[in-house]
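Novice: Structure in structure tokens, see below.
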Amino acid sequence: MSGISPSAAALYSRVEKVIPAIEWPAFADDIDAILRLKRERNAVILAHNYQTPEIFHCVADIVGDSLALARKAMDVEADVIVLAGVHFMAETAKLLNPGKTVLIPDMGAGCSLADSITPEDVRLMRQRYPGVPIVTYVNTSAAVKAESDICCTSGNAKAVVESLGVPRVIMLPDEYLAQNIAAQTDVEIIAWKGHCEVHERFTPEDIRELRAAHPGVTVLAHPECPPEVVAVADFAGSTAAMSDYVGKEKPARVVLMTECSMSDNVAVDHPDVEFIRPCNLCPHMKRITLANIRSALEQVRHPVTIEPELSQRARLAVERMLAV
């Protein structure tokens, strides 16, 4: 590739199946700068599975779903963490690394689930259901986590709920995740009315149309999808579980009912699998770009700060989750 550094050209070989060659020159300069800045700042980049391939496969040091990022954040030895994801993920990384600088490339990278509930809402739920433990999805603000007993992710929600050893729990804020977990356990789950704007749009009719258009396709759904979608899918699980399923089962043809970039990122590692891509895009995840990752590192821009007392309580809820 003319005019592109050897390091950027070598990285393109990882993603050539999902990024057209004509687009690569637009990424190469930022990638070279980010790799240099990581060395200069002693920085690492944590990237969620919904990031685009040029971020996920070319500049990220640690990748995964929200549970994996939470676990791996605790072992980071760098001085600076850049969270290529949404704001609650950056807050979680800060909770687990209070002495490090944690940067979010775009302060507007929010989350419809995180926006669906406030600390005041959680306190009102405690008043309405005294003594019932509150399990809070990590897709929430640190302030909401601080009002909770324990956190969970889509990958460990059932284990967290059952670890409490009680007949009834409150699970916030994703209504569909709560309903899907309730179908797998004898624990009664009281749900909130929050929804993910990406996953709530999938319907059973979408799956029926996919099966008709692509005979033999294997359908994997995220548990933030409505229960009626999960019921007609072949498998439901977190983004990490979906990726593992593709690796282990090697379906000839697969569709992932989740955010758009997930299929591209899994496809890089499984070129022998055909991916059908009727995805929904997360506008918040897509606010993270190579350009603003570079700017965050250059300017040490958008550091995450959490008030110490709130941080201590929120961290406890996350640590209880990680101990399950």
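The values are calculated or read from the model by the stated rules, or taken from the named source; none is laboratory data. Since the model is a prediction, treat every value here as computed from it, not as a measurement. Counting neighbours? That spans all protein chains shown, and the Cβs are built from the backbone with ideal geometry, glycine included. Side chains are part of the model used for accessible areas, which takes the heavy atoms of the whole protein and leaves out ligands, DNA and RNA. Shrake-Rupley method; radii C 1.70, N 1.55, O 1.52, S 1.80 Å.
Novice: Filter the range 94-113 for residues that are of a type in the set (A, V, I, L, M) and open to solvent by 20 Å² or more (accessible area, probe 1.4 Å) and give the result.
Specialist: Across the range 94-113, the qualifying residue is only Met107.
Novice: Shifting gears a bit: Give me the pairs, please: first residue somewhere in the range 304-324 and in a helix (DSSP H, G or I), second residue anywhere and open to solvent by 90 Å² or more (accessible area, probe 1.4 Å) and not β-branched (Val, Ile, Thr), beta-carbon distance under 9 Å, and either six or more positions apart or on two chains.
Specialist: Qualifying pairs under 9 Å: Leu322/Arg71.
Novice: Another question, then. Give me a count of the residues in the range 185-219 that are farther than 14 Å from Val254 by Cβ, in contact (Cβ under 8 Å) with a residue 24 or more places away in the chain, of a type outside the set (Val, Ile, Thr) and part of a loop (DSSP other than H, G, I, E, B).
Specialist: Of the residues in that region, 6 qualify.
Novice: Now, a different point. Name the single residue that is farthest from Gly85 (Cα to Cα) among those in the range 137-181 being open to solvent by 40 Å² or more (accessible area, probe 1.4 Å) and among the hydrophobic types (A, V, I, L, M, F, W, C).
Specialist: My answer is Val166.
Novice: Please verify whether Val255 is touching a Lys or Arg at 6+ places or on another chain (Cβ under 8 Å) and surrounded by fewer than 21 Cβ atoms within 10 Å (Cβ to Cβ), treating the condition exactly as stated.
Specialist: So Val255 does not fit the description; no.
Novice: Every residue in the range 266-281 that is within 15 Å of the chain's Cα centre (by Cα) and either small (Gly, Ala, Ser) or modelled with pLDDT under 95 (or both), please.
Specialist: Scanning the range 266-281 gives Asn280, Leu281.
Novice: Only one of Glu200, Glu205, Glu249 is acidic (Asp, Glu), within 20 Å of His284 (Cα to Cα) and either touching a strand residue (DSSP E or B) at 6+ places or on another chain (Cβ under 6 Å) or open to solvent by 20 Å² or more (accessible area, probe 1.4 Å) (or both). Can you tell me which?
Specialist: So the residue among Glu200, Glu205, Glu249 that is acidic (Asp, Glu), within 20 Å of His284 (Cα to Cα) and either touching a strand residue (DSSP E or B) at 6+ places or on another chain (Cβ under 6 Å) or open to solvent by 20 Å² or more (accessible area, probe 1.4 Å) (or both) is Glu200.
Novice: Continuing with the same structure: How do the helices (runs of 4 or more DSSP H) wholly within the range 220-299 filter down when requiring 2 or more residues that are free of Cβ contacts under 8 Å to residues at least 12 places away in the same chain: which remain?
Specialist: Here the list reads 239-249.
Let's see how each residue does on (1) more than 30 Å from Leu11 (Cα to Cα); (2) β-branched (Val, Ile, Thr):
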| position | (1), (2) |
| --- | --- |
| Val219 | yes, yes |
| Pro223 | yes, no |
| Val230 | yes, yes |
| Ser263 | no, no |
| Pro283 | no, no |
| Arg287 | no, no |
| Glu309 | yes, no |
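Novice: Can you go through Ala233, Ala212 and tell me which one is modelled with pLDDT of 95 or more, open to solvent by 10 Å² or more (accessible area, probe 1.4 Å), out of contact with any strand residue (DSSP E or B) (no Cβ under 8 Å at 6 or more places or on another chain) and not polar (S, T, N, Q)?
Specialist: Of the residues listed, the single one that is modelled with pLDDT of 95 or more, open to solvent by 10 Å² or more (accessible area, probe 1.4 Å), out of contact with any strand residue (DSSP E or B) (no Cβ under 8 Å at 6 or more places or on another chain) and not polar (S, T, N, Q) is Ala212.
Novice: For the range 40-50, which residues satisfy the criterion of being part of a loop (DSSP other than H, G, I, E, B) and either out of contact with any helix residue (DSSP H, G or I) (no Cβ under 6 Å at 6 or more places or on another chain) or of a type in the set (Ser, Thr, Tyr) (or both)?
Specialist: Those that are part of a loop (DSSP other than H, G, I, E, B) and either out of contact with any helix residue (DSSP H, G or I) (no Cβ under 6 Å at 6 or more places or on another chain) or of a type in the set (Ser, Thr, Tyr) (or both): Asn42, Tyr50.
Novice: In addition: Going residue by residue through the range 12-27, is there one that turns out to be among the hydroxyl-bearing types (Ser, Thr, Tyr), in contact with an Asp or Glu (Cβ under 9 Å, 6 or more places away or on another chain), open to solvent by 40 Å² or more (accessible area, probe 1.4 Å) and assigned to a helix (DSSP H, G or I)?
Specialist: So far as the range 12-27 goes, no, none of its residues is among the hydroxyl-bearing types (Ser, Thr, Tyr), in contact with an Asp or Glu (Cβ under 9 Å, 6 or more places away or on another chain), open to solvent by 40 Å² or more (accessible area, probe 1.4 Å) and assigned to a helix (DSSP H, G or I).
Novice: Further question: Quickly run through the range 68-93 and pick out the residues that are over 17 Å from Arg315 (Cβ atoms), surrounded by fewer than 24 Cβ atoms within 10 Å (Cβ to Cβ) and touching a residue at least 12 places away in the same chain (Cβ under 8 Å).
Specialist: Residues satisfying the conditions are Ala68, Ala78, Asp79, Val80.
Novice: Find the residue count for the range 35-67, including only residues that are touching a strand residue (DSSP E or B) at 6+ places or on another chain (Cβ under 9 Å) and either open to solvent by 40 Å² or more (accessible area, probe 1.4 Å) or free of Cβ contacts under 8 Å to residues at least 12 places away in the same chain (or both).
Specialist: Selection size over the range 35-67: 4.
Novice: Now for a separate question. Go over the candidates Val76, Val102 one by one and state the one that is modelled with pLDDT of 95 or more and of a type in the set (Val, Ile, Thr).
Specialist: Just a single option satisfies the conditions, and that option is Val102.
Novice: I would also like to ask the following. Might you check whether a residue that is surrounded by fewer than 16 Cβ atoms within 10 Å (Cβ to Cβ) and at pLDDT 95 or above occurs anywhere in the range 216-224?
Specialist: Yes: one or more hits.
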